[in-house]
1. Name the one entry in A:THR190, A:THR245, A:THR205 that is assigned to a helix (DSSP H, G or I), in contact (Cβ under 8 Å) with a residue 12 or more places away in the chain and closer than 20 Å to A:LEU31 by Cβ.
2. Which condition number in (1) within 14 Å of chain B (Cβ to nearest Cβ); (2) surrounded by fewer than 20 Cβ atoms within 10 Å (Cβ to Cβ) is the one that A:THR281 fails?
3. Given the conditions (1) at pLDDT 90 or above; (2) among the aliphatic types (A, V, I, L, M); (3) exposed (fewer than 14 other Cβ atoms within 10 Å of the Cβ), and given that A:ALA69 satisfies all but one, which numbered condition is not satisfied?
4. Restricting the stretch B:54-80 to residues that are under 14 Å from A:ARG297 (Cβ atoms) and within 11 Å of another protein chain (Cβ to nearest Cβ), which is surrounded by the fewest Cβ atoms within 10 Å (Cβ to Cβ)?
5. For the stretch A:137-169, how many residues meet the condition of being within 14 Å of chain B (Cβ to nearest Cβ) and surrounded by 21 or more Cβ atoms within 10 Å (Cβ to Cβ)?
6. In this structure, is A:SER381 surrounded by 14 or more Cβ atoms within 10 Å (Cβ to Cβ), within 25 Å of the chain's Cα centre (by Cα) and modelled with pLDDT of 95 or more?
7. In the stretch B:1-53, what residues are among the polar types (S, T, N, Q) and surrounded by 19 or more Cβ atoms within 10 Å (Cβ to Cβ)?
8. Does B:ALA47 satisfy the criteria of being at pLDDT 90 or above, out of contact with any Ser or Thr (no Cβ under 9 Å at 6 or more places or on another chain) and within 23 Å of A:LEU344 (Cβ to Cβ)?
Amino acid sequence: MQITTFQFLFYWLLVLAVYYLLPRRPQNVLLLAASVLFYGTWSWRFVGVLGILTLANFFWARFLRKGRAPIPWRLWLGIGGNVGSLVLFKYADFFVPELLHLLGGGPTLEWVLKIVLPVGLSYRILENISYLVDVYRGQIPASRNLVDFSLFSFYALKLLSGPIERARSFLNRLAEPRLVDNDVVARSFTLLVIGAFRKLVIADTLAGVIPPLMFESPSAYGSWELVMGLLIYGFMLYNNFAGYTDMMRGLSGFFGLPLSSNFFCPFFSRNMTEIWTRWHTTLGLWLRDYIYMPLSRAFLRRNPNPRRWANVVVPPMAAMLVSGLWHGLSWNLVCWGGLIGFFLVISRLPSLWRPLVPPDRQPMWRQLLGMGAVAVAMALSLVLFIMDFNTAAYFYERLFFWTKWVAPPPLAVFGVALSLGLDICQYVRRDEVIFLRWPRWLQAALLAAALLAIFLATRLKPAEPFIYQGF
Amino acid sequence: MNRAEIIDELRDFIRTELLGEPDAELGVDEPLITSGRIDSFSIAQVAVFVETAFGVYVPDNELVVDNADTLAQMADLVLRYAADAATD
């Protein structure tokens, strides 16, 4: 069942109607059943895989703290099991052909090794690892409620592409009564409309104006066209993913289960650290808490000098390389992670010799310069994110063969302007649902315009896929 | 070790080592992370300082804006985890 269909909307409206008739405990059972059924429409094999992983993590977490003191090998085995299953499913395309070649092949072996990645598994693995680590550290008790833990695992509105939630907050929410008052309804509905607008109107419009073969055969395009294509892709990717997240957060809000924010005006980031608090925030926080910080602390304990090269270079590079590998096993994604890590290190260097000046206290010209520098850095790294290594190298080369200026397609200007306009409204008051503070007549007019645009966009062409479901 | 002593030691460390301004004004409720005065690189230094100065391990996922944005919040975290360690 695809998300941008009326089928999806009606399914969850039906679930919502039954949900409100039930007391809290059966509500969790209903949500679990609805989520499993929804996931089953993708593939029942996916349900089986995720079910096994859920049970394994549920019981392993209880085993982790059994005894007087936590035992490290139990944690490492739990992490290894999760990473191993990700490697098995996600990277099968990479190593199965190699393995078949080595083992001599054969139809039975090929069938056994032909594995499809269950949708959303990458996100679940990160949630499982953080759950095991938090239980091991004693920050949360191992869950004793299999229904709640299974719902944490299967909850359909965060399963396919995040947000990556933490068990400590999500399981607590499941144990509490649901509060859905007028404010929550207004906020959830606004997020739902903003998300649908970002995805169906902005992202899908932008996707339509990028030449289909631009990122496969860049030789057919001049440098300006490539620069514009890259920028349009950046805005498309942002609105595609942020739109999806906002829709899921909005829908989840109606169930009284708020989900974490994943994006907030990333194009207004003034340095490389700030962008990770604005773009795929839940992944950034996960990398910070479970890769960057432990490594950074380990290095600082060995040598507390913050200027030592290993302290400055290794933790951000390691975190970003893991990010690259999480997105996929290919050289271009490893290099993409490495390049982002390199930019993070570079942006850190000046603060080693002089105090940080908070972005808000910098003069406007410096803030704008910072935004421009971050945009250039992210655009350059995007090349490695979307193309294989050889094509990316050629793309970079083509960028420097200046050709004559070509005007961008009007639809691209329209889409980018809409995206920036929406961001400016949210950024100025640091409020993603700022529209709720506006006069009623303006809210009504905007809502009517947004719904009309969404309707027209879905009538004109079929919705594009959600890019981050591929991860 | 009481709350005021923890705040004083943290303030000295942050002013001297992180901000490079030993005489800077730094109120107990002044935001440090949200204001951009310290970033995630510096937070790791604070965490290791807390380990060495107070012998308390504060988990990484606690060192976020919601729990550790001000000196007062940081001191409360240190006290909470010191108490947890004592009861274990």
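1. Result: A:THR245 is the single residue among A:THR190, A:THR245, A:THR205 that is assigned to a helix (DSSP H, G or I), in contact (Cβ under 8 Å) with a residue 12 or more places away in the chain and closer than 20 Å to A:LEU31 by Cβ.
2. (2)
3. All conditions pass for A:ALA69, except number (1).
4. B:TYR57
5. 4
6. No, not satisfied.
7. Correct list: B:SER40, B:SER42, B:GLN45.
8. When the stated conditions are applied, B:ALA47 does not pass them.
The values are calculated or read from the model by the stated rules, or taken from the named source; none is laboratory data. Because the structure is predicted, anything quoted here is derived from the model rather than measured. Here Cβ is always computed from backbone atoms with ideal geometry, including for glycine, and neighbour counts include all displayed protein chains.
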